[in-house]
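**Student:** I'd like to ask you about the structure that follows.
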Amino acid sequence: MGLMETICGSIIPDHAEEHKLVVVCSALSGTLKAKGTTSLLLECITLAERGADAQQQLIELVDHIRNNHLAVLDSIFETQKGSVFEAYDIPKTNIIRECEDLKKFLLAAQIVGELSPRSRDRVISLGEKLACMTIAACLASKNIPAKAVILDDVVCAAFGASADDQTAALDRLGSKFYHVIAEEIAVRIRDCEPAIPVVTGKMTYCVFQHGDWLIRFGRGYSDLCAAMCAVAVGATELQIWKEVDGIFTADPRKIPSAQLLPSVTADEATELTYYGSEVIHPLTMDQIREANISLRLKNVFKPHAEGTVIDPKSTSSTFELGQVTKVVSPPGVLLKNDFSVGRFERRRPTAVTVKDDVLLVHVICNRNTKSGGLLIQVFDRLERNNIPVDLIATSERNVSLAVHSPGNSSAVLRLKEELERFGQVAIVKNMSIVTIVGHKMRSQIGVASTGSSATTVVTYQTNASPDETLSALAAANVNIHLISQGASEISISLVVNAHDATTALSAIHRDVLKIPTIEESQFRRMGLTVPRLTRISDRPINTRIRLLIVETCRPGKLASPLATMSTKRVALVVGASRGIGRQVAIGLALAEDGYRGVLTDKDVVVVAAKSTSDAKSTSPFPPDPNSPQSTISTVEREIREAGGDATAIALDVRDFESVKRCVDKTVEIYGRLDVLVYNSGAIWWASVEDTPMKRFQLMQRVNPEGFYGAVQAALPYLKKNGNGRIIVVSPPIYSRFFRGKTAYAMGKVGMSVLTKGLAMDFQRQGLSSMAITSIWPAVAIESAATLKATEKDPREAEDLRKPTIFSDAILAMLRAPASSVNGRLELDEDYLRSDAGITNFSKYSVVQGASPRRIMPAQFPDLTVKEQDDEGKRMNSAEGRAKL
């Protein structure tokens, strides 16, 4: 609901004041991609094709989709007064009717057990249709006239209902196929005036020779529809609002030092979208280039940020292979963003991107096949198997191709058998294409040591050193299997092993684009010489700094290469493999300005728990955060790919030696420890009689004993920094908590006693900058523990909150003065309300618009006594005794 309010209450009204608008909607998303409406509709298709055995599951899933949208609608109008029949009841009725129609359609399809491409399109398009109805209703509730425009039959209106006619039109018209559709869209948009048209980001009933719309265009088709709408109305600018800031110099999830590009040329954007950038749909660029429409990428969470501008005019006026021709002078906005004056090109390549899931196909022609016909035969076989070609390199009798993996092994085997008619064939899997893109490369020597054989060597002097791309990859020990220069001469693509892709990306980003890593930036700010990295096997180490550390560490204790020079704060999150602990780790690692609220590079999180896995092979990724597939290994990968810094260390909290090793390893790697978060817990809610002794002992070992051991191991390092913090998941102390779960409560309340007692120790010792705090949920939080309940009855999700409320509360605690949180036993909601000033908690509800039931009391007993400060005769058993 918070995002809906931003879109309908801020973004759209602000632009509507000065411009005529057309709004294009994608389907409603979820907290995870797998829970978004499109993903749920795809799951409906799977259940329909499974047959009658999945009938009940299908019904429940469609009802869940309906309830999600009705909940959003209800939340929009819950504060409205007076009659809202037209604005509320009509869209509500339409949403219910559409979902009932879908249910009937899919139940009928279950009899057959499969759906045609046309039928699949009809199902998937419902997500955009429901979103349009919801957005239009939300705007109407704010007295902004809006009308939903449904495009489910627009292709049929333009070319007829016959799939053959539509396919023939696409083959005949090429790119003009979309122009005809745009003309039909324009008619429907004009019919809405003066209301704001709210258009579905999907066109259905369109069957192509290669399958359904989703297969042909992928998940970003709403971008394409938006571009066609912009063409239809002759828009001055197309804005695409996403959850990213714009286009970066590299994927910031893989390269933390990647920088936002304020502007790129249309040619650059086209190359980047084709070779792996997921920010824009590839066909979107074709539409706006031809119509001369500017495109601006913006972050829906940062409405006032400028984003990235793509100017369609920013291309060469003429272009011939092998020549450097006069180019159009760039607009002023591009001159300010590292373009050379007098030539429309950057001083260095603009960006580097990676395209995964690539096959490398090698064909060595036999003597019985004419070399001139080899390419024709190879491309014919690829076309038959619907496998597009990304790159090609040839000689007289050999051809090598990088192609997109078709996703099923049978297609690969079939292709290999067909190509073996012409010679020897080798197909290499698990490859990636790394592409460097930049306008400057049309006239830049030294970006690569080889180029297209059809081009002329150019002798302009540039800022780049010779052979720098290949030299950078050689220094990183990355093997190149194929290299190719695009016909546009603004990109160079290299095929590498998939496991080397990120290494190649990092090397090029640093040594070719000349953008320093975060670590290098830190060294420069400290006035130190920037070290060079030497790659040994698959793990980079810093040989120069390792030598310095060996010389300065005490004998027998070898620290990490950067340990003693780390300026980042370090948090150890114990119990971070899934659920709440996972979210806390991610929240701390990715917190802007660090988790202590001081402007710095992102802080470090050590993810600790018992479960590990091979994160590289985990599929799908990221896994369900509440499933066993989520481990500390996958959480570490999630954080690193999102641009954070994390290390996974396995431990068993029942073994104190294991806990000590984990803490010592953390300090060995990073040189410090600033925060301990203890989330590990064992749970068994039953009466004393029904709680076996083994269950009781397990809970005591994991809960109070595990926490006590972690505190014991971490305290020396926390005190060393003088401002260490400890956060533990344990409840306020009150008698009702003991009911029905005595054994569990004994351990959890014991953890809260430790919070109170250690806080008093800090006060006695004068450690005013240190603090320990307990936190507990006011409302049940979605986790593995709640999974069974929601699977049994999906309505139970209405009483759940997302774990983000926990991570937000912990962030607020860590950013507060130590004296204000030391010894407190807090609830997440109550702390955010009293200390962080948050009053609206709707964004944390798992079901949008729901009001989850509070499970904790409104008030808690005061644990202090009148004689609180009277300690009597103090004793210290540790005095005069040797430690055990």
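**Student:** Within the range 401-418, how many residues turn out to be within 13 Å of Leu360 (Cβ to Cβ) and either small (Gly, Ala, Ser) or crowded, with 17+ Cβ neighbours inside 10 Å (or both)? Reasoning before the result, please.
**Tutor:** Taking the range 401-418 first, the residues within 13 Å of Leu360 (Cβ to Cβ) are 401-405, 412, 415-416.
Subsequent filtering for residues that are either small (Gly, Ala, Ser) or crowded, with 17+ Cβ neighbours inside 10 Å (or both) retains 401-403, 405, 412, 415.
Total satisfying the criteria: 6.
**Student:** Check whether at least one residue in the range 718-735 is of a type in the set (Ser, Thr, Tyr) and out of contact with any helix residue (DSSP H, G or I) (no Cβ under 7 Å at 6 or more places or on another chain), and report yes or no.
**Tutor:** Yes, the range 718-735 has at least one match.
**Student:** Picking from Asp690, Asp645, which residue would you name as being among the acidic types (Asp, Glu) and either touching a strand residue (DSSP E or B) at 6+ places or on another chain (Cβ under 9 Å) or within 26 Å of Ala759 (Cβ to Cβ) (or both)?
**Tutor:** On the way: Asp690 fails: either touching a strand residue (DSSP E or B) at 6+ places or on another chain (Cβ under 9 Å) or within 26 Å of Ala759 (Cβ to Cβ) (or both).
Asp645 is the lone residue from the list that is among the acidic types (Asp, Glu) and either touching a strand residue (DSSP E or B) at 6+ places or on another chain (Cβ under 9 Å) or within 26 Å of Ala759 (Cβ to Cβ) (or both).
**Student:** Where in the range 771-873 are there helices (runs of 4 or more DSSP H), lying wholly inside it, with at least 2 residues that are within 25 Å of the chain's Cα centre (by Cα) and surrounded by 15 or more Cβ atoms within 10 Å (Cβ to Cβ)? Before you say what the answer is, go through the steps one by one.
**Tutor:** Numbers: elements: 784-792, 804-815, 818-821, 828-835.
Counting at least 2 such residues, we get 784-792, 804-815.
**Student:** Need the failing condition index for Ala882 against (1) touching a helix residue (DSSP H, G or I) at 6+ places or on another chain (Cβ under 6 Å); (2) at pLDDT below 90, just the number.
**Tutor:** (1)
**Student:** Among the residues of the range 193-202, is any over 26 Å from the mean Cα position of the chain (by Cα) and either farther than 19 Å from Ile150 by Cβ or at pLDDT below 80 (or both)?
**Tutor:** Yes: one or more hits.
**Student:** Does the range 238-282 hold any residues that are of a type in the set (Val, Ile, Thr), at pLDDT 85 or above and either part of a loop (DSSP other than H, G, I, E, B) or under 20 Å from the mean Cα position of the chain (by Cα) (or both), and which are they?
**Tutor:** Narrowing the range 238-282 to residues of a type in the set (Val, Ile, Thr): 240, 244, 247, 249, 255, 264-265, 270, 273, 279-280.
Imposing the further condition that a residue be at pLDDT 85 or above reduces the set to 240, 247, 249, 255, 264-265.
Answer for the range 238-282, where residues must be of a type in the set (Val, Ile, Thr), at pLDDT 85 or above and either part of a loop (DSSP other than H, G, I, E, B) or under 20 Å from the mean Cα position of the chain (by Cα) (or both): Ile240, Ile247, Thr249, Ile255.
**Student:** Additional query: From the set of residues in the range 714-757 that are over 30 Å from Val570 (Cβ atoms) and polar (S, T, N, Q), which is surrounded by the fewest Cβ atoms within 10 Å (Cβ to Cβ)? So that I can check it myself, show each step before the final result.
**Tutor:** At the first step, the residues of the range 714-757 found to be over 30 Å from Val570 (Cβ atoms) are 733-746.
Checking which are polar (S, T, N, Q) leaves us with 735, 742.
On the way: Ser735: 8, Thr742: 16.
Result: Ser735.
**Student:** With respect to Val667, is the statement that it is more than 27 Å from the chain's Cα centre (by Cα) and not acidic (Asp, Glu) true? Talk me through it step by step, then tell me what you get.
**Tutor:** On the way: more than 27 Å from the chain's Cα centre (by Cα): yes; not acidic (Asp, Glu): yes.
So Val667 passes the test.
**Student:** Please enumerate the residues belonging to the range 825-877 that are under 14 Å from Ala812 (Cα atoms) and either touching a residue at least 60 places away in the same chain (Cβ under 8 Å) or not assigned by TED's automatic domain parsing to the domain that holds Gly766 (or both).
**Tutor:** Step one: list which residues in the range 825-877 are under 14 Å from Ala812 (Cα atoms), which gives 826-838.
Matches in the range 825-877: Glu826, Leu827.
**Student:** I need the full set of residues from the range 336-368 which are among the hydroxyl-bearing types (Ser, Thr, Tyr) and modelled with pLDDT under 60, in order please.
**Tutor:** Ser340, the sole residue that qualifies.
**Student:** Would you please list the contacts, defined by Cβ atoms under 8 Å and residues six or more apart or on different chains, that run from a residue in the range 726-750 that is in the same structural domain as Leu767 (by TED's automatic domain parsing) to a residue that is acidic (Asp, Glu)?
**Tutor:** Once the first residue is in the same structural domain as Leu767 (by TED's automatic domain parsing) and sits in the range 726-750, its partners that are acidic (Asp, Glu) give Pro732/Glu826.
One line per residue, one yes/no per condition, for (1) over 30 Å from Gln700 (Cβ atoms); (2) hydrophobic (A, V, I, L, M, F, W, C):
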site	(1), (2)
Ala771	no, yes
Val779	no, yes
Ala797	yes, yes
Asp828	no, no
Phe841	yes, yes
Ser845	yes, no
Arg854	no, no
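**Student:** Within the range 295-326, take every residue that is surrounded by fewer than 19 Cβ atoms within 10 Å (Cβ to Cβ) and part of a strand (DSSP E or B) and give me the one that is modelled with the lowest pLDDT.
**Tutor:** For the range 295-326, the residue satisfying everything is Asn299.
**Student:** Take the residues of the range 142-170 that are of a type in the set (D, E, K, R) and free of Cβ contacts under 8 Å to residues at least 12 places away in the same chain: which is surrounded by the most Cβ atoms within 10 Å (Cβ to Cβ)?
**Tutor:** Narrowing the range 142-170 to residues of a type in the set (D, E, K, R): 142, 147, 152-153, 164-165.
Adding the requirement that they be free of Cβ contacts under 8 Å to residues at least 12 places away in the same chain leaves 164-165.
Numbers: Asp164: 10, Asp165: 12.
Among them, the one singled out is Asp165.
Condition check ((1) at pLDDT 80 or above; (2) in contact with a Leu (Cβ under 6 Å, 6 or more places away or on another chain); (3) within 20 Å of Lys129 (Cβ to Cβ)) across all residues:
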{"site": "Glu49", "(1), (2), (3)": "yes, no, no"}
{"site": "Gln56", "(1), (2), (3)": "yes, no, no"}
{"site": "Leu61", "(1), (2), (3)": "yes, no, yes"}
{"site": "His64", "(1), (2), (3)": "yes, no, yes"}
{"site": "Asn68", "(1), (2), (3)": "yes, no, yes"}
{"site": "Ala71", "(1), (2), (3)": "yes, no, yes"}
{"site": "Asp74", "(1), (2), (3)": "yes, no, yes"}
{"site": "Tyr88", "(1), (2), (3)": "no, no, yes"}
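**Student:** Turning to a different aspect of this structure: Yes or no: the range 421-431 includes at least one residue that is at pLDDT 90 or above, part of a strand (DSSP E or B) and surrounded by 22 or more Cβ atoms within 10 Å (Cβ to Cβ).
**Tutor:** Looking through the range 421-431, at least one residue is at pLDDT 90 or above, part of a strand (DSSP E or B) and surrounded by 22 or more Cβ atoms within 10 Å (Cβ to Cβ).
**Student:** Taking into account only those residues within the range 679-698 that are assigned to a loop (DSSP other than H, G, I, E, B) and hydrophobic (A, V, I, L, M, F, W, C), which is surrounded by the fewest Cβ atoms within 10 Å (Cβ to Cβ)?
**Tutor:** Step one: of the range 679-698, the residues assigned to a loop (DSSP other than H, G, I, E, B) are 679-692.
Subset that is hydrophobic (A, V, I, L, M, F, W, C): 682-686, 688.
On the way: Ala682: 18, Ile683: 14, Trp684: 14, Trp685: 13, Ala686: 14, Val688: 10.
This residue is Val688.
**Student:** Would the range 98-113 turn up any residue that is among the charged types (D, E, K, R) and part of a loop (DSSP other than H, G, I, E, B)?
**Tutor:** Our first condition is that a residue be among the charged types (D, E, K, R); within the range 98-113, this holds for 98, 100-101, 103-104.
Checking which are part of a loop (DSSP other than H, G, I, E, B) leaves us with none.
No: zero hits.
The values are calculated or read from the model by the stated rules, or taken from the named source; none is laboratory data. Small disclaimer: the values here were computed from a predicted structure and weren't measured. Here Cβ is always computed from backbone atoms with ideal geometry, including for glycine, and neighbour counts include all displayed protein chains.
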